[in-house]
Every structure is written in structure tokens, then in C-alpha cells.
Amino acid sequence: MDQKTLTIDGVELSFDPRQTIMEAAAAAGVYIPHLCHHPDFKPHGSCKLCTVKVNGRFASACTLPAAEGQEVLNKTLELNQLRTRITQMLFVEGNHFCPGCEISGHCKLQATAYGLGMLDSHFPHFYPARRVDASHPDIMLDLDRCILCELCVRASRDMDGKSVFGIAGRGMESHLVVAAESGALVDTLIEVSDRAAHVCPVGAILIKHTAYEKPIGQRRYDHHPIQAALLQEDQGD
Amino acid sequence: MLCEIVDRHGGQATSLLQILIDVQMRFRHVPPRIMTALAGMLHLPRTQVEAVVEFYRFLSVTSVGRFDVRFSDSVTDHLLGSRDLAARLCQRLGVKLGETRVDDAVSIHLTSCTGLSDQGPAALVNGHVLTRLDGDRIVQMADFIDQGMDLDTWPKNWFKVEDQVQLAGLLLEGELPLGASLERALTLHPADIFSEIDRSGLRGRGGAGFKTAAKWRFCYEGEEGAVPGDPTIARYVVCNADEGEPGTFKDRVLLSRNAQDVFEGMTVCAKAIGAQHGFIYLRGEYRYLLDSLLRGLKVRRLRGLLGRNILGVEGFDFDIEIHLGAGAYICGEESALIESLEGKPGHPRNRPPYPVTHGYLGQPTVVNNVETFAAAARIMAYGADWFLSVGTPESSGTKILSVSGDCERPGIYEVPFGSPVSDLLRRCGADDPMGVQVGGPSGTFIGPDEFERILGFEDLPTGGSMMVFSQARDVVAIARSFTHFFAHESCGFCTPCRVGTSLLGQLIDKIAEGHGTPHDLIEMTQLAAIVKNTSHCGLGQTAAHPLMQTLERFPERYQERLKTLFFEPGFDLDGALEVSRQMTGREDAHAHLTQSG
Ligand SMILES: Cc1cc2nc3c(=O)[nH]c(=O)nc-3n(C[C@H](O)[C@H](O)[C@H](O)COP(=O)(O)O)c2cc1C
Ligand code: SF4
Ligand code: SF4
Ligand code: FES
């Protein structure tokens, strides 16, 4: 059978017809920035960090099926500027005080920003009033940092079978909710062994009592830039 | 009581939104304990119930008043003084906009365009429509509300909705005999129905202009390798009656006077694609049409035009159900509409796959606009040539336009495709306007030197909204209002639209209020491009149109608002201290900061 191929930034690569552009790229060792995508979960397509140009048109790499002959642009100045702006939107929409955040150095949002060479937040901050929920003995929620990627929603629903998390509201009022009438995490079925407790790309879902096990300076993205680290993850390491 | 509501809607998870609409009517909000109970009864995650309650504007977690008043907040209502009327009602009743009075008697809100732009200012009170509001009515209304007078006792003419058909054409003239088009369809094979519709050149009337026959055929044939028309596959016909684009109201009129044509078109489609089930997704603002639509469906069942063995044809079963929306413009987008039909928040889906192959409950689904079905019905009855006799080669037939704004005769105009805008302006009595918003905020804003442009897919496509603005109007204020509309209606799923439309709103506020600098215009243009290029669906992709199109056509109107200095902080230092001032109870000079550019 003929091997199907597409090009990313002019480099030809082969793909499996069931793959998305993101998956085909990862398999070939090409990094496309992403936040809401995770290889273990159904593609979501909401953060738009993975925006690429396919045959001259903008598209989300994590949801668009790979197809024969596609000419994909990924690492261009235009696309990286656009991704920087989208990352800045995520920063100003929430409350991200990296120096005071216990996952600084482990955070995909922060690492993505470094990877894109983002130097400031560019837009005015919204400073929204968001909730902190410390009710659960093992897990802490700090919604100041939630970027609405729905990874925890997908993990809890599709892997843990509990649907502990959901996104409610609309527009800028969209926010994470938990499955309890009281609204408190402790009243849900979540356990620290759940996948949903460990999937958050930012510091919105934290495991208590583990904060500084690894000192700052020795953390994941202190050593591997996001590009290499995420490729490893996408390739299943 | 809850069980009764759940049973009435068949107890299905897909009925969640319909159930919640009734709960809201009964309890004036959806209490947390009811969310928990519903999750249990419908076997749904509680998070989904909460997500739905908080997504739709007509549902609420906190109680609305016994009289819940929602003023239509479209630009055309603004032109007629709606904001002032809302403020006066608030003042007379001692309630803040967006809040419920402490005694629970009344709550007053603003709501996106209610589809009555030709007879505004309009409002909804407990779901009933009020038209042509004025100062006197506001005064009386305040008294009625304070006296707790039942809506039945309010003056009848306050609730009067007129069709205002100013010009009728192929679709609005005469009456299509009940069943005429279906009888013809029954003599044809699906392939012949598709080719008749195809030959007529009918394209979707909801805005995007996709070829109707092609859509129906894809749905019938299925994906590559499937058996065309496979009878084991459930297919669905959906009529999009969400009509949320500000300034459009032609679907309301079609559903008021030509509902049978719409039902008939849906049934022809069902016959062609092999569907047994149809839905009309009726926007919550049009709830007042529900009873007459249900009566219309009943008539069809009695005449054997719906139900089992339609017109005596063995195995031709089809019926139509009406689902209500609950205040969400995004639910007009077809994949969000399908999510909403399934009882979920209206987040647009990832495409591909498209609804024609993976629609309602993952099954092949045709979604068409109200007017598209009405046209299909008449084409089936009168033939493709009848339709082709009007319009242009690219855009056959007529287009029903909703005309509002600064003109003498607002209302419905059914014009041949290919007519210049100037022609319409003459007809509706708009003398020397400053501009026309064609196709609503997501369409095109045109200025006087473009009035000879023609309506049609080849030049100015339109879903039907036409808002006329006189020379006295402020184009920056108009664009600002539309920008806030999009920010308000963004579903929040994707970053660039969720955050970007709000940022655009802040920028245009800054400029309109005279704090903008040349740099802000550059910033606005760049941000507009990002929102347009990277948003997930049509809402975000068009949200910056009003700003960009008016900036392009009327740059001087923007420039005259700008400060001359190159930079003005986006951050209001003094404003930021307001919370502290309130907390410390201070208002003295030292509690304020002055900021200079
Ligand atoms: C934000 C948004 C809102 C929409 N609202 C409507 C609507 O209210 N009515 C409608 O018929 N189509 C609406 N559409 C277009 C629909 O997605 C879809 O194209 C249409 O219903 C298809 O029917 P047609 O082919 O008959 O036009 C909207 C699209 C978007 C992106
Ligand atoms: S809590 Fe974390 S994983 Fe969940 S939506 Fe927010 S950012 Fe994503
Ligand atoms: S573009 Fe706007 S409305 Fe559309 S999916 Fe994104 S946030 Fe929702
Ligand atoms: S990674 Fe593709 S949209 Fe988030």
C-alpha cells in the first residue's frame, strides 16, 4: 500500500489515516505547541495554541485529520506571534503569579510561554475573582489558574468514570465546577489516585503535601524546554 | 411536581434543557437540590446539569422576580430609546438592572435582540412579548407590577405582534395548499427530489448559502462505502428557528403565517433522506409562538400529513417535535444547536465530521433554516423553473429581508436576489442613510458609495437582517454595541473568542470614551485578525467584522475620538482603588489618584 504523506514546514512525513495533524507531527518528532491536547484523551480543540496553516488556511492541528498532500505550516513567525497572543490571553484571563505558584517549573502554560519567547502579558489583566477550594484532604483547587482546557473533565469522565469536573457558565464567565451540591471538592467522589487529580497542565489542581518535593531549579521544564518535554509525553514516554 | 415535569418531557437525558425551562418557569430559578435530583433521575453527571443551567441566559441559579422583564438590547432598540426606558422602569420600581428586588416582585434585565426590531422598543415579560414600548407604558407597567396585576389583565394591545409584510414574493404571496408539495414528492424517488431541488439552485437561507440539495443528498447517501438511504440508519431533519442574528425577524413571520409551508418542507426532506424524526429548534424569545405551532402540527396529524403512514404510504413515518432554546445566540450555529437539542450547553463541535454524517446523537442530520424549508416546499409543488424565474444565476429565487432602523416603513420585504440595496432603501423609505448593516453584525456594514451593490451570494450574502442607519447616527457607537453583543454571546469554548472578544470590547470602549490613542487602533486591528483567524466557529470568526468594516469605511469617525498622545494606559489607576475606598468608607481627595498621559 502507498504510504500517505504530508509536509510540515516543507519537510515530508508519512502518517496513518486515522491520525490528526498533531498526532502525525508528534510521531515524526515535530513539536506543535499545545495545551488542551493530551495524547491520552479525546481531542478537544479549545485552546487554539496548536493553530497551524493547512494549505493556506488556519486550522487546529489537534483536531484536523491528517490528509494526503496537506501542506502544513507550523514554525513560522506569523504563527508563533499568534500563539504568543493566545498564551497572553490565557495569562490575563486568570490570575497567574508564577513566582508564588507551587508548580512553577512544572507548569505547561509557563513553559509554553517561555518556549514562545513571551516577555510580557501584553493585554490588560482582568483580575477575575476566582475560587480556591481546600476542602479535600489530599487535593486542592485554585481556580485562579484554571485555563479551561477540560483535561480534568475528560480524565474524570472518560478514565475515572466519575465526571467530577465540568465547565459551567458562558463566555468569560465560564468556570470549573465540581459534582457536588455544596460545590466543595470534598463532597465529590474524587480520590488522589484518580487520573483527573494529576492531569492539570497548570497549578489549578494540586496534590497536597507534595508542594516542594522537588526544589525550583530542578523541575521538569527547568531542564527540558517544553518542546522536548512535550514531545516525549506525546510519544508515550 | 418535578416528576411531573420530567415525565411530560419523556424522561430522556436529551430533554434536560426542556425540563429545566419548565423548572425555571415554575420555581423562577433552578435550585441546587433540583439540579442534584435531576442528575439522578436522568442519569446524568451533576456537572452537566449545572453546566446547562449556567449556560443559558433564561435559566438562573438565583431567583428572578415574579415579573421578570427583559428589554431587547439590540442597536435598533437603542435607537428607539430602549436603554432609557429600562432605566426608568428600574428607577420607578426601585430595582437595579440585572437584579431581583428584595421582595422578589420584579427583576429587570437586558437581553440580546428579541426579533422585533421593526416594532420596538421591545421586551419580554415572563416570556410574553411586549412591543412598541414608550414612556407612558413604562409608567403604567410599573404600577401593574407594583400592584401584582396578572399579565392577563394588562392591555391586550401591548402584546400585539404584527407581521408587517411590506413586499411579498415567491414565498409570501398566496397560499400553498396543504399537502400539495408532499403529494408531488411522493411520486418521486429520492434522487429525483434531490435533482429537482438542485436544479432550482436553492441555497441555504441561514447565511452560509450551502446548496440545499447537496446537503440532503450527503445525508441520504452517508459516508464513502455506506449504502445510500440505508433504512437501518436513523436520520434527522432539524429546522433552525433560532433566529438570533440581531435585526432579523423574518423566521418569526414565516412561522406566524406560513408555518405549514415550513412543516411541509421538513416532511419533503424527511421523505427524501429517509428520516422519521424532525425537530424545530425554536428560540426561547419566540416561545409565544409555541401554542400556534403545536396546533399547526396537530392539524397535519389529523390530515395524515404527519405521523404513521403519511398520506397512506406504508412505512412513511415522520413526526416533528419542537424544542425551545433559552437565550443563547450561539445555538443558531448548527453543531451548537445539535448539542443543545441533546440537552447540553451550546458549544460548537469540532468539524469534520459534519452534521450531515454525524449530527443529532451522532446520526446523519440535515439542519436547514426556516426559510430554506419554506422555499423547498414551494419548489417541490411548483417546480424548479418557477423558482428559477426570479433571481440571478448564482442566487436563484427571492430573499426575505427583515428591515429595521432609520426608515419610514420597517418590516418584511421579500425581494428578488440580485436587487441593489438602493432599491430596498427606496422602498422602505430610507432617505440618504449613513450606512446599512447587511446580514446583521456578522455580515457587512456598507456605506453610501456601496448602495448599488446587490443582494446575493455573489456580492452581499445575507441571512436577512437589514439595519438602516441615518446620518445622525454614531458609527463608532454602533460598532461598539455589536462588539459587546459578540462578547456577551461568546460561548466561551475557545480562547481567542472568549478572551479576545472581551478585549476588543475594552478597546472600543476606551476609544469611544475618548481615551484611545493611535496605538490602540493598531492594537485593535491586530487583535481583530487573531480573533478572526483562530476562533473555533463563525461567531468568533466574524466578531470583529463590525469594528474592522466601520474602521475601514469611516476612519475619520475613529480618528476624531483619539487623543493625540501615543500611549494611554489601559489600566485605570483611580478606578482600581474603588474597592478599597468602599471598604474603608473613604471618599476624600487623598483616596483618589489622578493619572496623566
Ligand atoms: C454564530 C452563528 C449563529 C447562527 N445562527 C443561525 C440562525 O439563527 N439561524 C439559521 O438558520 N442559521 C444560523 N447559523 C447558520 C447555521 O450554522 C447553519 O449554517 C444553517 O442553519 C444551515 O441552514 P441553511 O443551509 O438552510 O442556511 C448561524 C451560524 C453561526 C456561526
Ligand atoms: S482545572 Fe486544570 S485541567 Fe481542569 S480545566 Fe482547569 S486548567 Fe484544565
Ligand atoms: S468562536 Fe466563540 S462562540 Fe465559537 S466556539 Fe469559540 S468561544 Fe464559542
Ligand atoms: S491543543 Fe489544539 S486547540 Fe488546544
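The values are calculated or read from the model by the stated rules, or taken from the named source; none is laboratory data. All values reported here derive from a predicted model rather than from experimental measurement. Counting neighbours? That spans all protein chains shown, and the Cβs are built from the backbone with ideal geometry, glycine included. Note: accessible area is taken over every heavy atom of the protein model, side chains too, but ligands, DNA and RNA are not part of it. Shrake-Rupley method; radii C 1.70, N 1.55, O 1.52, S 1.80 Å.
Of the residues making up region A:59-106, just one is within 14 Å of chain B (Cβ to nearest Cβ) and of a type in the set (Phe, Trp, Tyr), namely A:91. Among the residues of region A:154-173, those identified as open to solvent by less than 10 Å² (accessible area, probe 1.4 Å) and at the interface with chain B (Cβ under 7 Å from one of its Cβ atoms) are A:165, A:166, A:168, A:169, A:170, A:171. What are the residues in region B:497-515 that are facing another protein chain (nearest Cβ under 9 Å) and either among the polar types (S, T, N, Q) or not in a helix (DSSP H, G or I) (or both), if any? Answer for region B:497-515, where residues must be facing another protein chain (nearest Cβ under 9 Å) and either among the polar types (S, T, N, Q) or not in a helix (DSSP H, G or I) (or both): B:501, B:502, B:506. Can you find a residue that is in contact with a Gly (Cβ under 6 Å, 6 or more places away or on another chain), small (Gly, Ala, Ser) and either free of Cβ contacts under 8 Å to residues at least 60 places away in the same chain or away from every other protein chain (no Cβ under 12 Å) (or both) anywhere in region B:472-488? Within region B:472-488, one or more residues are in contact with a Gly (Cβ under 6 Å, 6 or more places away or on another chain), small (Gly, Ala, Ser) and either free of Cβ contacts under 8 Å to residues at least 60 places away in the same chain or away from every other protein chain (no Cβ under 12 Å) (or both). Only strands (runs of 3 or more DSSP E) whose full extent lies in region A:1-104 are considered here, and the ones with at least 3 residues that are within 16 Å of ligand 4 (Cβ to nearest atom) and open to solvent by less than 50 Å² (accessible area, probe 1.4 Å) are A:51-54. Scanning region B:539-551 for residues that are away from chain A (no Cβ under 14 Å) and either open to solvent by 10 Å² or more (accessible area, probe 1.4 Å) or within 16 Å of ligand 2 (Cβ to nearest atom) (or both) turns up B:542, B:545, B:548, B:549, B:551. The conditions of being farther than 19 Å from residue A:108 by Cβ, assigned by TED's automatic domain parsing to the domain that holds residue A:156, open to solvent by 10 Å² or more (accessible area, probe 1.4 Å) and among the basic types (Lys, Arg) are met by residue A:208.
Screening region B:516-597 for helices (runs of 4 or more DSSP H) wholly inside it with 3 or more residues that are under 25 Å from the mean Cα position of the chain (by Cα) and modelled with pLDDT of 95 or more returns the ranges B:518-534, B:538-542, B:545-553.
For region B:437-455, a residue qualifies if it is crowded, with 22+ Cβ neighbours inside 10 Å and either touching a Phe, Trp or Tyr at 6+ places or on another chain (Cβ under 7 Å) or over 17 Å from residue B:76 (Cβ atoms) (or both), and the qualifying residues are B:437, B:441, B:455.
For region A:176-185, does any single residue satisfy the condition of being free of Cβ contacts under 8 Å to residues at least 60 places away in the same chain, open to solvent by 50 Å² or more (accessible area, probe 1.4 Å) and within 14 Å of chain B (Cβ to nearest Cβ)? The answer is yes; a qualifying residue exists.
If the condition is being more than 14 Å from ligand 3 (Cβ to nearest atom) and over 21 Å from the mean Cα position of the chain (by Cα), then region B:470-504 contributes B:470, B:471, B:472, B:473, B:474, B:475, B:476, B:477.
Annotation: residue B:354 fulfils all but one of (1) buried (at least 24 other Cβ atoms within 10 Å of the Cβ); (2) within 14 Å of chain A (Cβ to nearest Cβ); the unmet one is (1). One residue stands out in region B:317-357 among those that are aromatic (Phe, Trp, Tyr) and within 11 Å of ligand 1 (Cβ to nearest atom): the one that is nearest to residue B:307 (Cα to Cα), namely B:354.
With respect to being more than 16 Å from ligand 1 (Cβ to nearest atom), more than 20 Å from the chain's Cα centre (by Cα), surrounded by fewer than 20 Cβ atoms within 10 Å (Cβ to Cβ) and touching a residue at least 60 places away in the same chain (Cβ under 8 Å), residue A:125 falls outside the description. Picking from residues in region B:38-76 that are assigned to a helix (DSSP H, G or I), of a type in the set (Val, Ile, Thr) and closer than 30 Å to residue B:440 by Cβ, the one that is farthest from the other protein chains (Cβ to nearest Cβ) is B:76.
Among the helices (runs of 4 or more DSSP H) confined to region B:358-468, the ones with at least 1 residues that are within 13 Å of ligand 1 (Cβ to nearest atom) are located at B:370-382. Considering B:513, B:458, the condition of being away from ligand 2 (no atom under 16 Å from the Cβ), within 28 Å of residue B:395 (Cβ to Cβ) and surrounded by fewer than 19 Cβ atoms within 10 Å (Cβ to Cβ) is satisfied by B:458 alone.
Just give me the residues in region B:298-333 being assigned to a helix (DSSP H, G or I) and either open to solvent by 50 Å² or more (accessible area, probe 1.4 Å) or not assigned by TED's automatic domain parsing to the domain that holds residue B:188 (or both), in sequence order. Result: B:298, B:299, B:301, B:302, B:311, B:312. In region A:190-207, the count of residues that are away from chain B (no Cβ under 14 Å), within 16 Å of residue B:48 (Cα to Cα) and of a type in the set (A, V, I, L, M) is zero.
For residue A:179, the criteria (1) away from ligand 1 (no atom under 16 Å from the Cβ); (2) out of contact with any strand residue (DSSP E or B) (no Cβ under 8 Å at 6 or more places or on another chain) hold in every case but one, which is (2). Regarding region A:40-51, can at least one residue be identified that is under 16 Å from the mean Cα position of the chain (by Cα), within 16 Å of ligand 2 (Cβ to nearest atom) and without any contact (Cβ under 8 Å) to a residue 24 or more places away in the chain? Yes, because at least one residue in region A:40-51 is under 16 Å from the mean Cα position of the chain (by Cα), within 16 Å of ligand 2 (Cβ to nearest atom) and without any contact (Cβ under 8 Å) to a residue 24 or more places away in the chain. Among residues of region A:60-72 that are modelled with pLDDT of 95 or more, those with a beta-carbon under 8 Å from a residue that is aromatic (Phe, Trp, Tyr) at least six positions away or on a different chain give the pairs A:66/A:15.
For region B:69-91, name all the residues that are surrounded by fewer than 21 Cβ atoms within 10 Å (Cβ to Cβ) and among the acidic types (Asp, Glu). Result: B:84, single match.
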